């Protein structure tokens, strides 16, 4: 039976060091990062254009402005709480082998 993976992803197995594959692994990581960034930008653009064309925000604010204000305030509070909790986490330096 095979041993479980210690570190999934682009890193080499624990018992094998990287030799000439280092450049190809870095290239694969770069392509993955660029693909994710590009797809995130495209998705955000599509959603923004869809919201602008539907003018959802204008209809919501016109009918129920106070509810929209409370929801917006709660959203900002939740984002701030998440940011503060992320900042309070201890930083762990990577282990050098």
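What follows is calculated from the coordinates using simple rules that are stated; it is not laboratory data. Small disclaimer: the values here were computed from a predicted structure and weren't measured. We place every Cβ from the backbone using ideal geometry, glycine too, and count neighbours over all the protein chains shown.
As a calculated quantity, the FRET efficiency between residue 32 and residue 76 at R0 = 30 Å, using C-beta atoms, amounts to about 0.40. Per-peptide packing, taken as the mean over residues of other Cβ atoms within 10 Å, places 80-92, 42-54 in the sequence 42-54, 80-92 from highest down.
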